[in-house]
Every structure is written in structure tokens, then in C-alpha cells.
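Please read the structure below before turning to the comments.
The values are calculated or read from the model by the stated rules, or taken from the named source; none is laboratory data. Remember, it's a predicted structure, so these values are computed and weren't measured experimentally. All Cβ positions, glycine included, derive from the backbone under ideal geometry; neighbour counts span all protein chains shown.
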Amino acid sequence: MNVKGKSILITGGAGGLGSVMAKLLAKNGATIFILDLPVAEKSASELIAEIEKEGGEAYFEPIDGTKEEDWKRVVESVGSKGKKIDVLINNAGINIRKPVEEISMEEWMTMMSVNVGGVFLGIKYTIPVMRKQGGGLIINTSSVCGLIGHKFTPEAYTATKGAVTMLTKAIASRYGKDNIRCNSIHPSTVDTPLVHERLKDPQFAQERLGEVPLGRLATADDVANTVLFLASDEASFINGAAVPIDGGVTCY
Ligand SMILES: NC(=O)c1ccc[n+]([C@@H]2O[C@H](COP(=O)([O-])OP(=O)(O)OC[C@H]3O[C@@H](n4cnc5c(N)ncnc54)[C@H](O)[C@@H]3O)[C@@H](O)[C@H]2O)c1
């Protein structure tokens with residue numbers, strides 16, 4: 001899978017899934033820009049040290065993905081290092097876990113702002129750079145609930161991830177002519193340390209494991225391996241795809 005020499009921006013790059021993507025892409029020769037909130041600086045620095053120890057190249061760019069001025073600064077900063085934007089991975093996301101009857105309008109708008117607004121701004125500010133350099137790729141992290149009305153997931157989160165799915169397709173169809181592709185990934189519940197602990201709750205385990213035809217949760221490596229393929233030269237004809245990484249959760 002060839003990503004050697006590519007310059008890849010990952011929002012939420014210091015977080016659970018983003019950091020595993022960063023490590024794998026760097027290991028395969030990509031230069032990584034970790035875009036994350038200023039509070040994530042410490043974990044980003046540790047991640048960069050790990051990547052550099054393996055001979056890779058990575059930088060931290062503090063950003064609140066919902067702020068236009070931050071995106072302008074980050075795009076300029078990447079350019080000032082003499083780097084292109086070959087791939088943007090819009091991966092930052094939050095989940096205010098409240099059912100539709102309990103969530104406030106303010107909380108709804110916060111979710112929309114981070115999960116959809118952040119993706120919109122990332123696309124808005126990187127597309128002109130990609131067009132100028134002759135092409136590029138955007139990968140948006142959606143979820144299984146960007147494909148189905150997943151009954152265990154809060155509705156507001158589902159609404160944001162559904163928006164990401166269709167924004168992806170709209171960008172793919174409009175900007176393909178500029179050699180700019182856009183795909184989305186759709187993980188089911190990922191086996192992070194937090195979730196691993198919650199699996200001790202029999203109801204949680206029954207709900208989350210019981211829905212997966214393959215009988216296990218997704219791992220961060222499952223997600224990162226898929227991103228590595230999508231970011232590689234070998235995936236160059238894939239555009240507008242919504243790729244489930246879910247062991248079959250969305251099949252029924
Ligand atoms: N973990 C799962 O089970 C799962 C399943 C499906 C989809 N997803 C999606 O995968 C993505 C990554 O999730 P994760 O599990 O790694 O979560 P995480 O909480 O570990 O990481 C999210 C990262 O996003 C950053 N972030 C939050 N708000 C931001 C903002 N405004 N600007 C910039 N960065 C911001 C956080 O600092 C954090 O580093 C999210 O979009 C999430 O919705 C996760």
C-alpha cells in the first residue's frame with residue numbers, strides 16, 4: 001500500500017482512532033500533521049516522539065475544527081513547511097450521549113458544529129490547495145449510524161454522521177473533475193480501553209456484540225488499515241464510497 005511521501009492531515013489526530021491512523025500512515029512513509037485541540041498538545045507530542053523514534057515525520061497543529069481562522073492558519077502553516085495536502089482525514093468527532101427527548105438545542109448545535117461544521121471547514125479550506133496542486137483526497141470519519149438508524153446510538157450523533165455521509169458524496173461528485181476524491185468510513189463500536197471495560201456490563205455486551213455478525217467489536221487497527229488502503233495509490237479509483245468497517249452490522 002503506497003502512501004510514501006504523502007502529506008496527510010488528520011483532525012482529532014491525537015485521539016483514539018486518529019493516533020492509530022497517524023502511527024500506521026507514518027510507518028508507511030507518510031508525513032503526518034496532527035490537527036487537534038490545544039489541550040491535546042501533550043498526547044500529540046508523545047505521539048510525535050513515538051513516530052520520530054520509528055524514523056517517521058510528524059507535526060502538531062493546534063486547531064478547533066469549528067473555527068474558520070484556525071483552518072486558515074493551519075493550511076498556511078502546512079504550506080510554509082513546503083508540504084502539500086495530499087490527504088485530509090476529517091476524523092475529529094464528539095458524542096453527547098443523550099436521547100432525542102433529553103438533548104438540548106444547544107447540545108444539538110454543538111454536535112452539529114464539531115461533527116459536521118468541522119468537516120465542512122476542513123473541506124472548504126483544503127480544496128483550493130488540492131486543486132492548485134493537481135488533486136487530493138479527503139477521507140471523512142462517519143460511523144455505522146451514518147448508514148442506518150442505529151438503535152443504540154443517540155439520534156443527534158446519528159444525524160451528524162448521516163450528514164457527513166452525504167456531504168462526502170456531494171464533494172466526490174462535484175470535485176472529481178479536479179482529481180479531488182472524497183470517501184467516508186463507517187466504523188461500528190471500536191474496542192477501545194473504555195469500551196473494553198464497559199463490556200463487563202452484560203446488557204452492553206449483549207447489545208454491542210450481539211449485533212455484529214462476525215461476533216467481535218471493531219479494533220482501531222481495523223479502522224487504520226482501511227484508512228491506509230484508502231489513502232494509498234492502490235485506491236485511486238475509489239471516489240464517493242461509504243466504506244463500512246463493521247463486521248456486517250449494517251447488513252440487516
Ligand atoms: N470509537 C468508536 O467506537 C467510533 C465508532 C464510529 C465512529 N467513530 C468516530 O471516529 C472519530 C474518532 O473517534 P475516537 O473514538 O478516536 O474519539 P476520541 O474522543 O478518542 O478522539 C477524538 C479526537 O477529536 C478531538 N476533537 C474533539 N473536538 C475537536 C475540535 N472541535 N477540533 C479539533 N479536534 C477535536 C479530540 O481532542 C480527540 O483527540 C469520531 O469522528 C467518532 O465519531 C468512533
Of the numbered conditions (1) within 29 Å of residue 131 (Cα to Cα); (2) acidic (Asp, Glu); (3) more than 16 Å from the ligand (Cβ to nearest atom), residue 52 satisfies every one except a single condition; which is it? (1)
Is there any pair linking a residue in region 233-252 that is closer than 22 Å to residue 173 by Cβ to one that is among the hydroxyl-bearing types (Ser, Thr, Tyr) and surrounded by fewer than 16 Cβ atoms within 10 Å (Cβ to Cβ), with Cβ under 8 Å and at least six apart or on different chains, and which? 240/173
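Just to be sure before I move on: is residue 83 out of contact with any helix residue (DSSP H, G or I) (no Cβ under 9 Å at 6 or more places or on another chain) and in contact (Cβ under 8 Å) with a residue 12 or more places away in the chain in the structure I sent? Let's see the steps before the verdict.
Working: out of contact with any helix residue (DSSP H, G or I) (no Cβ under 9 Å at 6 or more places or on another chain): yes; in contact (Cβ under 8 Å) with a residue 12 or more places away in the chain: yes.
Against the criterion (out of contact with any helix residue (DSSP H, G or I) (no Cβ under 9 Å at 6 or more places or on another chain) and in contact (Cβ under 8 Å) with a residue 12 or more places away in the chain), residue 83 qualifies.
Identify, from the list 161, 132, 177, the residue that is within 27 Å of residue 101 (Cβ to Cβ) and at pLDDT 95 or above. If you could, list the steps in order and put the result at the bottom.
Values: 132 fails: within 27 Å of residue 101 (Cβ to Cβ); 177 fails: within 27 Å of residue 101 (Cβ to Cβ).
Of 161, 132, 177, the one residue that is within 27 Å of residue 101 (Cβ to Cβ) and at pLDDT 95 or above is 161.
Just to be sure before I move on: is residue 77 assigned to a helix (DSSP H, G or I) and more than 24 Å from residue 180 (Cα to Cα) in the structure I sent? Even if it seems obvious, please write down each step before you answer.
Values: assigned to a helix (DSSP H, G or I): yes; more than 24 Å from residue 180 (Cα to Cα): no.
When the stated conditions are applied, residue 77 does not pass them.
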Can you tell me which condition residue 160 does not meet? The list is (1) assigned to a helix (DSSP H, G or I); (2) more than 9 Å from the ligand (Cβ to nearest atom); (3) crowded, with 18+ Cβ neighbours inside 10 Å, and all the others hold. (2)
Matching residues in region 137-153 - criterion: being assigned to a loop (DSSP other than H, G, I, E, B), at pLDDT 95 or above, crowded, with 19+ Cβ neighbours inside 10 Å and more than 8 Å from the ligand (Cβ to nearest atom): 147
Picked from region 1-31 (must be assigned to a strand (DSSP E or B) and under 14 Å from the mean Cα position of the chain (by Cα)), the residue farthest from the ligand (Cβ to nearest atom) is 8
What pairs come out if I take residues in region 37-54 that are on the phi < 0 side of the Ramachandran plot and pair them with residues that are in a helix (DSSP H, G or I) and near the ligand (Cβ under 10 Å from one of its atoms) whose C-beta lies under 7 Å away, six or more apart or interchain? 47/19
